[in-house]
Amino acid sequence: MIKIKPFIVLGVILFAITLLIPSILVLPFMEEKVSGKLGENVQEETIQPKKSSEPSVEVAVYREAQKKVEKLALDDYVAGVVASEMPADFEVEALKAQALTARTYIVKKLASGNSISLPQGAVVGDSVNYQVYKSSDELKKIWKASDYEWKMKKIKEAVKATSGQILTYDGTPIDATFFSTSNGYTENSSAIWPNDIPYLTSVASPWDKKSPKYNGRKVISVAEFEQKLGVTLSNSKAIGEITEKTEGKRVAKVNISGKVLTGKEIRTKLDLKSTDFTWVRKGNDIIITTEGYGHGVGMSQYGANGMAAEGKSYEDIVKYYYKGVQLSKADNLLAKYTARK
């Protein structure tokens, strides 16, 4: 009998094990279909979206007709104001300028916290006493149904392009006043209001002459004229005398039969479109003609549209009508507001 030496047996066993181990390791993986390269089966890391630096802010609007408070996102509110205050068919850069005035107004309002005259919880109203705001449902009724989509799309793009921006003077949000149409010049703030505000000064605005609202005409009876102004007209052909004009070439003071009235008083009492007026008497009527539409202080909307049509940017527009202002981020002011809530 041939004897097998022990070390040979040991060698055979080791050789067999060497062949078997790779097969054993591969068997479990052969039972499943290979789905990809090494590493593709590792769970992917979830990428979290970056948080906006601008605080999430809601605007609580008192809907005066419905007598209720409506809450909406800041830029949704701004879009509703722009849609209500400026024609949607205006140039995009003009709409952006309007968005800046609207956002500046509400951010200043939020920062001041002054809403004493409003119901609890509201920070702003929706009428001309604040700035006009209308909801989507209201706008759909005002505009043609076929126009709503493109108009709101255009306005929302203008709002988005200026998102987070406001107008400041020396680091403080400005009183971003605006009006429809000038008489060719904007007005100094002191001609309309008690305060002389440095960024609200008279500038030429020649684009307004193309506005459909540039010329106005009103006819009232002599009796109504006398009653509303508290004067008695003589038989003289002259009906008063302008004794002073404003920097914006409007009527500052008029002497009517010895009574001196300001242009602002006359505009209010006779419900005129502008303080740039003249009149003539024809029989028992007085025919009043006006140039411009609105108080004249700040940004002219038709002037802004005229500048935009000439290729000016929204920044060019606001810096022309508001002297010495800067475009600033609203973040810090909004953060203070949200911290108070």
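For the reader, a short list of remarks on this structure follows.
- For VAL251, the test of being surrounded by 13 or more Cβ atoms within 10 Å (Cβ to Cβ) and not hydroxyl-bearing (Ser, Thr, Tyr) is passed.
- Scope region 326-341; condition under 19 Å from THR177 (Cα atoms) and either free of Cβ contacts under 8 Å to residues at least 12 places away in the same chain or surrounded by 24 or more Cβ atoms within 10 Å (Cβ to Cβ) (or both); matching residues: ALA330
- Residue identified as surrounded by 14 or more Cβ atoms within 10 Å (Cβ to Cβ), at positive phi and among the small types (Gly, Ala, Ser) among GLY240, GLY230: GLY240
- Some residue of region 142-159 being under 24 Å from THR338 (Cβ atoms), surrounded by 17 or more Cβ atoms within 10 Å (Cβ to Cβ) and not aromatic (Phe, Trp, Tyr): yes
- Residues of region 280-319 satisfying the condition of being hydroxyl-bearing (Ser, Thr, Tyr) and surrounded by fewer than 19 Cβ atoms within 10 Å (Cβ to Cβ): THR289, SER313
- Of all residues making up region 160-172, the number that are over 19 Å from ALA73 (Cβ atoms) and not in a loop (DSSP other than H, G, I, E, B): 4
- Residues in region 77-92 that are more than 9 Å from the chain's Cα centre (by Cα) and among the hydroxyl-bearing types (Ser, Thr, Tyr): SER84 alone.
- Pairs with Cβ under 7 Å, 6+ apart, first in region 173-192 and farther than 13 Å from MET299 by Cβ, second surrounded by 24 or more Cβ atoms within 10 Å (Cβ to Cβ) and of a type in the set (Val, Ile, Thr): PRO173/THR104; PRO173/VAL107; PRO173/ILE166; ILE192/VAL297
- Taken over region 116-140, the criterion of being assigned to a helix (DSSP H, G or I) and exposed (fewer than 11 other Cβ atoms within 10 Å of the Cβ) is satisfied by ASP137 alone.
- Screening region 173-224 for residues that are among the aliphatic types (A, V, I, L, M) and in a loop (DSSP other than H, G, I, E, B) and picking the one that is farthest from GLY292 (Cα to Cα) gives ILE174.
All of the numbers you see were taken from the coordinates with simple rules; none came from a lab. Everything quoted here is computed from the prediction, not taken from an experiment. All Cβ positions, glycine included, derive from the backbone under ideal geometry; neighbour counts span all protein chains shown.
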